[in-house]
1. Identify all residues within segment B:238-257 that are surrounded by fewer than 24 Cβ atoms within 10 Å (Cβ to Cβ) and within 11 Å of chain A (Cβ to nearest Cβ); write none if there are none.
2. Which of (1) small (Gly, Ala, Ser); (2) more than 14 Å from chain A (Cβ to nearest Cβ); (3) surrounded by fewer than 17 Cβ atoms within 10 Å (Cβ to Cβ) is the odd one out, the single condition B:GLY423 does not satisfy?
3. Output the residues belonging to segment B:384-420 that are part of a loop (DSSP other than H, G, I, E, B), closer than 26 Å to B:GLY225 by Cα and more than 14 Å from chain A (Cβ to nearest Cβ).
4. When you scan segment A:180-293 for helices (runs of 4 or more DSSP H) that lie fully inside it, which ones turn up with 1 or more residues that are within 14 Å of chain B (Cβ to nearest Cβ) and crowded, with 17+ Cβ neighbours inside 10 Å?
5. Take B:LEU472 and tell me if it is within 30 Å of B:GLY218 (Cβ to Cβ), outside any loop (DSSP other than H, G, I, E, B), hydrophobic (A, V, I, L, M, F, W, C) and not assigned by TED's automatic domain parsing to the domain that holds B:ILE533.
6. Can you pull out the residues in segment B:38-72 that are part of a strand (DSSP E or B), among the basic types (Lys, Arg) and over 19 Å from the mean Cα position of the chain (by Cα)?
7. Within segment B:446-460, which residues are away from chain A (no Cβ under 14 Å), free of Cβ contacts under 8 Å to residues at least 12 places away in the same chain and not in a helix (DSSP H, G or I)?
8. Quick check: is even one residue across segment A:130-152 within 14 Å of chain B (Cβ to nearest Cβ), touching a residue at least 12 places away in the same chain (Cβ under 8 Å) and either among the small types (Gly, Ala, Ser) or surrounded by 23 or more Cβ atoms within 10 Å (Cβ to Cβ) (or both)?
Amino acid sequence: MSPEHPIYLEDKLEEIRGSGRLGYRSKSLPTWCPGCGYYSMTEGVTWALNEIGLRNEDVVIVSGIGCASRFPFFMETYGFHTLHGRTLPVATGIKVANDKLTVVVVGGDGDGFAIGGGHIPHVARRNVDITYLLFDNGIYGLTKGQVSPTSAIGFTTSTSPFENHDQPLNPLMMLLSYGASWVGQAYAGQPGHLAEMIRAAIKHRGFSYLHILSPCVTFDKTDRTYRNLDFSVRNLPEDHDHSNRLAAIREATKVDRPAVGLYYVENRPTLSDTLDEVMIRAGGKPAEQAGAG
Amino acid sequence: MTSIHTDVQIGICGSAGDGTIAVGDILKRAMARAGYRVIAFDEYPAEIRGFGKCVARTRITTEQVYSMKPKTDVLVSLNDAHAIPHAEEVRDFGAVIYDSAPITMIDEGWHISGHLNPGQLPYGLPMREISEQATGSSRSRNIVALGFVAGLYQLPRQAFIDAIAAKFQTKAAEVTQSNVAAFNAGYDNGAEIYRFDKVEVGPPARRTRVHDSTMMTGNAAVVRGCLDAGIETFFGYPITPATSIMERLAVEMPKHGARLLQTEDEISAISATVGAGFAGARAATATSGPGFALMSEMMGLGVMAEVPAVVFVSQRGGPSTGMPTKTEQADLNIAVFGGHGDAKRIVLAPTNVEGCWRCAGRAFEMAEAYQTPVVVLLDLYLSNRYETVVFPNKNPFVRDAWKRPTQDNANEPYRRFELTADGISPRAVPGDPHGIHTATGLEHNEFGRPNDLSAMHFQMTEKRHEKLNAALKHPGITIYKRFGDTGEVDVGLLAWGSTFGETLEAMLLARAEGIRCAAMKVVMLSPLPVKPIKRFLKDCKEVIVPELNYEGQFANLVSGAVGRDVIRFNRVTGKPMAVNEILDTIRSAAGKRKLRKSAA
């Protein structure tokens, strides 16, 4: 994905048209501010779905409420734009109803860690086979700039006019301790790497959590800017052992120099596996699922 | 009701730990086995341990009845301190059975024999001693007491022995043997007594064959309805009195290839149910008032995104944690109106155990056909009470009968929310290559794209309301029905949910007294069958609406819809409505009419 020579518009358009990626994009144009990190999400998800070769009708994108949550409208897949904070249980329901679907959940830090924080541990421990793309900009953008659970101490917003005094959450450490079976981090300012990480997260069988550092260009001019993140973001050490949960947690503690890459991965039974096991124990057999055929 | 040969209510009262509910259970199962009709309801405390009061009441009849009796024929006291307040519910020439040689000294004045009216006939029985002689332990005194009742009224001994064996089948054989020995010892004692009471138990109705009927609770009937309707997913969170729905489904669903998940809270339960409904599954959840309050926002998404979902709500005393083990009908408002915005949904409230099964099954059909959340509103009394039910041989519930996109205009973009004459749009689910769309909680156009233009919001709001009118004509379910006198009546009763049973019994008693009256049950609370209710009210000089809430939530709903006030009869005792209290209200309403007439 890293070109050797300058990109010319005609070449780029030809490449995109020929790639098949546009087949995953709806006719609706994104409504985000120019420069928003979410454009990289659209690019990354489109590229990953195309690379994996998933059929449009077999993909469901679930979102909550927030800037990131407008995403399903821009995709030519099934989509469910739900309530603030309730993406994960809705996605669980979809997956339990039809295990053949690829379910991708997108949301922001407010949606995921403020109002929706109670659902994350349970999706992680059950290992529901869904992909959670969390775009963390450390601010409420859709309501025009309020403090969020991942805002830095000292960050001034319309609802923290005398600076934020609440310690920000460390989502990676939370997910690692909740028992998520795939935990990674990416940065919207590195769209190529982000796309690769999205592909790996979707391909993982189990609950995959991708934390994406994504600047809000409109309401955050001081803290999580492209300029600051370009400077602080690093890669995980080359010798990082992503089968070692403690090593992953150690890397996740280094919040001043956030590292991108795959923190942790393990393979263990998914919720579908355990529900099938329950059926076998009960003496039944898995029936044809909803929507299949 | 002269055709009733047998109509006997037996109450057993004791302290938690006395085995009160256990012997009540054996009694009702034995009588159902013997071919009687049974209706039974237990009162129990919210605490698992401790010395709270338990009362197990069983009404045994030859014909179908609709409620518990206001008066008990036979009261068995396993704990006099708890049973004394219940002595007054024993009818004249009814029987009171008590332990004449209890192990602890009972303080003066605290023995039940000192609290009986002259017309109530006492039978003292050394329960503990008989239990010790028969089994070597005093623990079976509850079974001895049960045996005594069975012997006293010559109830079929073998049915009880079979019911005892079934109850203890998972335990060692000696447990059954010793309980049968205790039962027989009690039975023999009872059979020897010369009775002075006037309680008579005749033979079971000849035409009722034992295997035609099943005895089950309202919650068990809901489970059977779910299974008969082909439920595919269930998500729930434990809450009294709905938990037993999830517990039974957890056993049964996996046998049929269906999936059940206990979620982290009620918000996730409804969210996953709506998610599964979006993905095309027959999905349900079950809860009580506090859980349903948490579900309100997601109910709105179900309405807005037009997703099928079935929600069973078993009401208990409220608000807040309220009275978790007591019954009430105070969640009509939240069931019909709960949540923000114009979020009309279908609400069904069955009136008896058979209705629980029917409403459960039809709720899945309606949710799919009209693409909407459907609430089935039960209450603790209905959820927990036992009735003998006769099910049809053929499963009546229709599966997968919803409007799908046709391939006629496959080249045009798919309109998930197409504005049609009946308001129902073709519904596609993920996996269908011709139905790709995004569903949203935002107001949207026919394609599902966000759109907040005035005309669009009006058209879509209208669509979401008007499409539900088809539910009023949904086949295979009685959404209202009139009983009693036809034509003009002096008193009409309008009731919903479990209270209809008591209302119907009171109406029949009033007719027997010569009062012209009729009763209408309303099963579909939303959309409300306004025209039939109006027609009925036109026939009634006075209208009484009995219900178990303070303000009269159904009375408000009805008088708001028909523009006529009604006589509200409200009780918030945590107990089922008493038939004789409704009867008194009918008498006074009829009397008022007469007084007014004679004055004029």
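1. Scanning segment B:238-257 gives B:ALA250, B:VAL251, B:GLU252, B:PRO254, B:LYS255, B:HIS256, B:GLY257.
2. (3)
3. Residues of segment B:384-420 part of a loop (DSSP other than H, G, I, E, B): B:385, B:391-420.
When the remaining residues are screened for being closer than 26 Å to B:GLY225 by Cα, the result is B:385, B:391-404.
B:ARG385, B:PHE391, B:PRO392, B:ASN393, B:LYS394, B:ASN395, B:PRO396, B:PHE397, B:VAL398, B:ALA401, B:LYS403 - these are the residues of segment B:384-420 that are part of a loop (DSSP other than H, G, I, E, B), closer than 26 Å to B:GLY225 by Cα and more than 14 Å from chain A (Cβ to nearest Cβ).
4. Details: elements: A:191-203, A:226-232, A:245-252, A:271-282.
Of the helices (runs of 4 or more DSSP H) lying wholly inside segment A:180-293, those with at least 1 residues that are within 14 Å of chain B (Cβ to nearest Cβ) and crowded, with 17+ Cβ neighbours inside 10 Å span A:271-282.
5. Values: within 30 Å of B:GLY218 (Cβ to Cβ): yes; outside any loop (DSSP other than H, G, I, E, B): yes; hydrophobic (A, V, I, L, M, F, W, C): yes; not assigned by TED's automatic domain parsing to the domain that holds B:ILE533: yes.
In short, yes.
6. So in segment B:38-72, the residues part of a strand (DSSP E or B) come out as B:38-43, B:53-61, B:72.
Filter again for among the basic types (Lys, Arg), leaving B:53, B:57, B:59.
Scanning segment B:38-72 gives a single hit, B:LYS53.
7. Looking only at segment B:446-460, we keep the residues that are away from chain A (no Cβ under 14 Å), and these are B:446, B:453-460.
Now narrow it down to the ones that are free of Cβ contacts under 8 Å to residues at least 12 places away in the same chain: B:453-455, B:458.
Passing the criteria: only B:LEU453.
8. Yes, some residue in segment A:130-152 is within 14 Å of chain B (Cβ to nearest Cβ), touching a residue at least 12 places away in the same chain (Cβ under 8 Å) and either among the small types (Gly, Ala, Ser) or surrounded by 23 or more Cβ atoms within 10 Å (Cβ to Cβ) (or both).
The values are calculated or read from the model by the stated rules, or taken from the named source; none is laboratory data. In this text, all values refer to a predicted model and were calculated from it rather than measured experimentally. FYI the Cβ positions are ideal-geometry reconstructions off the backbone, even for glycines, and counts take in every protein chain you see.
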